[in-house]
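These notes are about the structure you will find just below.
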Amino acid sequence: DAKTTQPNSMESNEEEPVHLPCNHSTISGTDYIHWYRQLPSQGPEYVIHGLTSNVNNRMASLAIAEDRKSSTLILHRATLRDAAVYYCILTNSGYALNFGKGTSLLVTP
Amino acid sequence: NAGVMQNPRHLVRRRGQEARLRCSPMKGHSHVYWYRQLPEEGLKFMVYLQKENIIDESGMPKERFSAEFPKEGPSILRIQQVVRGDSAAYFCASSQLAGGSYNEQFFGPGTRLTVL
């Protein structure tokens, strides 16, 4: 699976939108883009996934660049409960998720 | 609907002992995945199982590690003759569907294995 690059950490104010970037310049045509998040001492939690088109769900939005070499996870209004490590993962198997270091999101009141 | 359950949550073993980690998938899920998270690293895929079958074990170390998902009961990840390098958090996930375009995996809380 192709490699992803994310910032180590980001900070946001509560109730502000947050844009978490992910670069994946070597993505292949069959790679899906998955986002998971992990709170301290817990298992990861699915956030959203996509292939080519932008996606929205109750948790977040996923904006995928036209060339698919990058994507952005958008949290529309950050809350304190959104403080977590966010992982951008590519996989063409559909199931073998290999997590990198992710982006640690700090949300301040 | 109970989530993915793992036990024990914490396990301490001495070098050379065996470790058995259990995972009960969510109700209605027949696909189970095991992951390992070494200290300061992200989770790495180990193995994917369906009932009574190993589908993909490409991420599992070739020696000392084995996994099963019997017809009845939980999935088991077994580590024989543990070494200090096996100390990690082991996560189990389950899904209703396999691969394809939608495969949300639901993760358990993990088992933290410490090898003395």
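The values are calculated or read from the model by the stated rules, or taken from the named source; none is laboratory data. Keep in mind that what you see is a predicted model, and the values were worked out from it rather than measured. Here Cβ is always computed from backbone atoms with ideal geometry, including for glycine, and neighbour counts include all displayed protein chains. In case anyone asks, the SASA skips ligands and DNA or RNA and just uses the protein heavy atoms, side chains included. Shrake-Rupley method; radii C 1.70, N 1.55, O 1.52, S 1.80 Å.
Checking B:G28, B:G42, B:G73 one by one, the residue that is within 30 Å of A:N57 (Cα to Cα), at pLDDT below 95 and touching a Lys or Arg at 6+ places or on another chain (Cβ under 9 Å) is B:G42 and no other. Residues that are farther than 15 Å from B:S94 by Cβ and within 11 Å of the chain's Cα centre (by Cα) were ranked within region B:51-67; the one that is farthest from the other protein chains (Cβ to nearest Cβ) is B:S66.
Please indicate, with yes or no, whether at least one residue in region B:31-42 is more than 14 Å from the chain's Cα centre (by Cα), touching a residue at least 12 places away in the same chain (Cβ under 8 Å) and over 20 Å from A:K101 (Cα atoms). Checked against the condition, which is being more than 14 Å from the chain's Cα centre (by Cα), touching a residue at least 12 places away in the same chain (Cβ under 8 Å) and over 20 Å from A:K101 (Cα atoms), region B:31-42 yields no hits at all.
The set of residues from region B:22-50 being part of a loop (DSSP other than H, G, I, E, B), among the aliphatic types (A, V, I, L, M) and more than 8 Å from chain A (Cβ to nearest Cβ) comprises B:M26, B:L38. Among what's in region A:90-105 and is more than 9 Å from chain B (Cβ to nearest Cβ) and either modelled with pLDDT of 90 or more or surrounded by 21 or more Cβ atoms within 10 Å (Cβ to Cβ) (or both), pick the residue that is farthest from A:S12 (Cα to Cα). Per the stated criteria, the residue is A:L90. If A:T108 passes every condition in (1) modelled with pLDDT of 95 or more; (2) under 11 Å from the mean Cα position of the chain (by Cα); (3) farther than 12 Å from A:L20 by Cβ but one, which one does it miss? A:T108 satisfies every listed condition except (2). When region B:65-90 is filtered for residues that are closer than 18 Å to B:H29 by Cα, open to solvent by 10 Å² or more (accessible area, probe 1.4 Å) and not in a strand (DSSP E or B), the ones remaining, listed by number, are B:P70, B:K71, B:E72, B:G73, B:P74. Listed conditions (1) of a type in the set (G, A, S); (2) open to solvent by 70 Å² or more (accessible area, probe 1.4 Å); (3) out of contact with any strand residue (DSSP E or B) (no Cβ under 9 Å at 6 or more places or on another chain) are all met by B:S58, apart from (3).
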